[in-house]
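Below is one structure, written out as structure tokens; comments come after it.
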Amino acid sequence: MGKDKFVVVVVGPTAVGKTDLCVNLAAHFSTEVVSADSRQFYKEMQIGTAKPTIEEQQGVPHHFVNSHSIAEEYNAGAYEQDALQLLNTLFKEHDVVIVTGGSGLYVRALCEGMDEMPETDPAIRAKLTAKLESEGLEPLVNHLKSLDPEYYNQVDKANPQRVVRALEVCLSSGQPYSSFRKWDKTTRPFKIIKIGLTRDRQELYDRIDQRMDQMLQQGLLEEAKALYPFRTHNALQTVGYKEIFDCLEGKYDWEEAVRLLKRNSRRYAKRQLTWFTKHPDEYTWFHPQQWEEIVSFIVGKLRS
């Protein structure tokens with residue numbers, strides 16, 4: 001793979017318009033799209049992940065969409081290996097490949113590599129998951145604080161997946177989770193062009209609300225009911241499903257579930273933007289409708 005190969009990374013918050021833009025870019029550059037969205041991998045999660053439909057894909061091949069079953073465990077480290085292997089194959093046919101998603105960790109794994117995490121004991125994971133089920137998140141967060149105060153100060157304390165993962169590593173290795181997160185960047189054998197998509201906040205929030213109404217009309221409740229047995233799976237500890245699971249468990253009524261679906265989706269979008277704007281120079285930002293500007297920016301990078 002030579003340095004004349006390019007990955008165009010397109011990120012942005014949920015509902016910003018990544019799918020349409022990436023399909024158009026792939027058509028323009030005669031190439032294919034690789035998803036870096038950690039929820040679109042699972043074929044059982046159709047509605048709540050806003051996957052590009054066959055119509056929306058417009059004949060452009062999309063990889064890592066419906067590639068796995070919810071019954072499998074899949075993580076950013078495995079994705080890094082699989083996606084690099086796929087790029088190797090795609091670069092035999094194409095000089096440019098589009099990578100897109102809202103999962104910052106998966107984008108980073110592909111672009112920069114993952115830290116080597118130690119092997120963990122599945123029994124510890126099972127014990128922590130059972131504790132989460134019976135006692136809730138707070139005792140786990142407090143346990144993490146005592147074992148790894150550094151990561152405790154960084155982690156999203158409302159995200160059970162992150163808290164359980166960190167504890168699992170601490171307890172399996174006897175070392176703080178933060179000690180394994182050095183993020184030594186790996187040099188890739190291709191060039192990376194990074195684009196961020198954003199919209200005016202009110203415009204984005206209106207789109208999120210509309211999308212949520214659409215998902216509910218398409219049958220999100222029925223999909224969540226079918227996925228209920230897998231509710232402890234990492235991919236389902238997420239906006240769009242958790243609120244319905246809690247409603248099914250009688251924690252609140254349907255009206256409140258719908259309100260929380262919309263509110264939490266807006267908050268999720270905000271967190272995504274915070275992640276991607278952490279390093280202001282890393283991405284060049286556009287409104288999704290700035291087509292000419294986006295294409296000329298990419299072409300300029302390809303030539304330089």
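The values are calculated or read from the model by the stated rules, or taken from the named source; none is laboratory data. Quick caveat: nothing in here was measured; it's all calculated off a predicted structure. Note that each Cβ is placed from the backbone with ideal geometry, even for glycine, and that neighbours are counted across all protein chains shown.
Numbers at a glance
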item	result
Region 265-274: number of residues that are more than 22 Å from residue 241 (Cα to Cα) and either among the aromatic types (Phe, Trp, Tyr) or crowded, with 16+ Cβ neighbours inside 10 Å (or both)	0
Any hit, region 148-162, residues being of a type in the set (A, V, I, L, M, F, W, C), within 19 Å of the chain's Cα centre (by Cα) and crowded, with 18+ Cβ neighbours inside 10 Å	yes
Cross-chain or 6+ apart pairs with Cβ under 8 Å, region 172-190 first and closer than 28 Å to residue 95 by Cα, then at pLDDT below 85 and not basic (Lys, Arg)	183/115; 184/115; 189/1; 189/2; 190/1
Pairs with Cβ under 8 Å, 6+ apart, first in region 124-136 and over 15 Å from residue 246 (Cα atoms), second among the small types (Gly, Ala, Ser)	124/172
Subset of region 81-93 that is out of contact with any strand residue (DSSP E or B) (no Cβ under 9 Å at 6 or more places or on another chain) and farther than 22 Å from residue 44 by Cα - its residue that is surrounded by the fewest Cβ atoms within 10 Å (Cβ to Cβ)	92
Every residue from region 223-251 that is buried (at least 17 other Cβ atoms within 10 Å of the Cβ) and either on the phi > 0 side of the Ramachandran plot or hydroxyl-bearing (Ser, Thr, Tyr) (or both)	238, 240, 241
One residue from 133, 93 being of a type in the set (Asp, Glu) and not assigned by TED's automatic domain parsing to the domain that holds residue 34	133
Of all residues making up region 181-202, the number that are closer than 23 Å to residue 25 by Cα and not hydroxyl-bearing (Ser, Thr, Tyr)	12
Residues of region 53-67 satisfying the condition of being more than 15 Å from the chain's Cα centre (by Cα) and either buried (at least 18 other Cβ atoms within 10 Å of the Cβ) or among the charged types (D, E, K, R) (or both)	55, 56, 60, 62
Looking only at region 209-257, and only at residues there that are polar (S, T, N, Q) and not in a helix (DSSP H, G or I), the one that is farthest from residue 129 (Cα to Cα)	238
Subset tally (residues that are in contact with a Ser or Thr (Cβ under 8 Å, 6 or more places away or on another chain) and under 22 Å from residue 192 (Cβ atoms)) for region 254-285	4
Flag for residue 52 being outside any helix (DSSP H, G or I), closer than 22 Å to residue 195 by Cα and at pLDDT below 95	yes
Of all residues in region 208-264 being modelled with pLDDT under 95 and among the β-branched types (Val, Ile, Thr), the one that is farthest from residue 15 (Cα to Cα)	232
Looking only at region 34-77, and only at residues there that are touching a residue at least 40 places away in the same chain (Cβ under 8 Å) and hydrophobic (A, V, I, L, M, F, W, C), the one that is nearest to residue 111 (Cα to Cα)	36
Meets criteria (touching a residue at least 12 places away in the same chain (Cβ under 8 Å), crowded, with 19+ Cβ neighbours inside 10 Å and assigned to a strand (DSSP E or B)) for residue 16	no
Residues being in a helix (DSSP H, G or I) and either crowded, with 16+ Cβ neighbours inside 10 Å or touching a Gly at 6+ places or on another chain (Cβ under 6 Å) (or both) - total across region 115-125	2
Check on residue 128, surrounded by 12 or more Cβ atoms within 10 Å (Cβ to Cβ), in the same structural domain as residue 34 (by TED's automatic domain parsing) and in a helix (DSSP H, G or I)	no
Residues located in region 140-155, provided they are out of contact with any helix residue (DSSP H, G or I) (no Cβ under 7 Å at 6 or more places or on another chain) and either aromatic (Phe, Trp, Tyr) or part of a helix (DSSP H, G or I) (or both)	142, 146, 149
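Rundown of residues vs (1) on the phi > 0 side of the Ramachandran plot; (2) buried (at least 18 other Cβ atoms within 10 Å of the Cβ); (3) at pLDDT below 90, yes/no style:
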{"residue": "44", "(1), (2), (3)": "no, no, no"}
{"residue": "75", "(1), (2), (3)": "no, no, yes"}
{"residue": "107", "(1), (2), (3)": "no, yes, no"}
{"residue": "113", "(1), (2), (3)": "yes, no, yes"}
